């Protein structure tokens, strides 16, 4: 009798554990044959995990997003679209993607890891338009499926790291610009980790700038994609994290964006740390006070009524 009871208890715990796990699925962003700016190509997508356990995806020409839905018993209604970094040349899809999706799920926030197309003139026309198209489409899809996924359509944000931070900031400042403008694609908030913000001389990350703009690089496009110059009264609130010793993306990127938001009296919270370098994600061991940044984000999420 005791053995039967033990089995029933174990089965119950297993069922409870399974019920608490996030639901995941991967969805194509665009219907087959209707991917905008597509050019027939022989580019091969590759996924490699390096010695540090970082998953790097290259050659992305078919965009998708992986869905991590928060368990119903924890869900706050908030959601975030996550844009991994990688200089617009690769996607650091684990430590700047799925690791964060799981962290958000544990706190009742649904997450969507975006595998956006990497700019390449061999596989697309007007390559500089393509990542933003994918980010806008992802935001629309999340909003259109809000009811299905137990999400509040007014609590959907975007998060980005490095070049993914540039994409997140571009979505925040460009969703309402141009002929493809869409209020449905507007993030309600942004979380920017060591983001590339500016393409202007002196503070730009040249690799990200050149990879995005490609052969069409011009002074006009450099200014257009310098997001500190595109902030308006319609730009959503932001939470920014940057290390002052970042040798890849100067800390001035975050500072300029913060000051632009301040000019329009838009809510913004910025955390600058003396030591940390670049590309750390949650890997903060040995980086001094940087270890505190996730706790700061938790506090901000609670203050924004996105987390209990």
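The values are calculated or read from the model by the stated rules, or taken from the named source; none is laboratory data. Note that this is a predicted model, so its numbers are computed, not measured. Ideal geometry is used to build each Cβ from the backbone, glycine not excepted, and the neighbour counts take in all protein chains shown.
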Matching residues, region 145-171, being at positive phi and under 10 Å from the mean Cα position of the chain (by Cα): 162
Mind checking whether some residue in region 73-86 is in contact with a helix residue (DSSP H, G or I) (Cβ under 9 Å, 6 or more places away or on another chain) and modelled with pLDDT under 95? no
Which residues, taken from region 194-253, are more than 19 Å from residue 177 (Cβ to Cβ), part of a helix (DSSP H, G or I) and modelled with pLDDT of 95 or more? 207, 208, 210, 211, 214, 215, 252, 253
May I ask you to list the residues in region 90-127 that are within 24 Å of residue 210 (Cα to Cα) and in a loop (DSSP other than H, G, I, E, B)? 93, 116, 117, 118, 119, 120, 121, 122, 123, 125, 126
Report yes if some residue within region 47-66 is at pLDDT 95 or above, out of contact with any strand residue (DSSP E or B) (no Cβ under 8 Å at 6 or more places or on another chain), surrounded by 10 or more Cβ atoms within 10 Å (Cβ to Cβ) and within 29 Å of residue 188 (Cα to Cα); otherwise report no. no
Among the residues of region 43-75, write down those that are outside any strand (DSSP E or B), farther than 14 Å from residue 114 by Cα and touching a residue at least 12 places away in the same chain (Cβ under 8 Å). 43, 44, 45, 53, 54, 59, 70, 71, 72, 73, 74, 75
Quickly run through region 265-290 and pick out the residues that are surrounded by 15 or more Cβ atoms within 10 Å (Cβ to Cβ) and in a helix (DSSP H, G or I). 290
Is it the case, given these coordinates, that residue 184 is at negative phi and either assigned to a loop (DSSP other than H, G, I, E, B) or modelled with pLDDT under 95 (or both)? no
Could you please find all residues in region 129-151 being under 21 Å from residue 222 (Cα atoms) and either without any contact (Cβ under 8 Å) to a residue 40 or more places away in the chain or surrounded by fewer than 20 Cβ atoms within 10 Å (Cβ to Cβ) (or both)? 129
What single numbered condition from (1) in contact with a strand residue (DSSP E or B) (Cβ under 7 Å, 6 or more places away or on another chain); (2) without any contact (Cβ under 8 Å) to a residue 60 or more places away in the chain fails to hold for residue 31? (1)
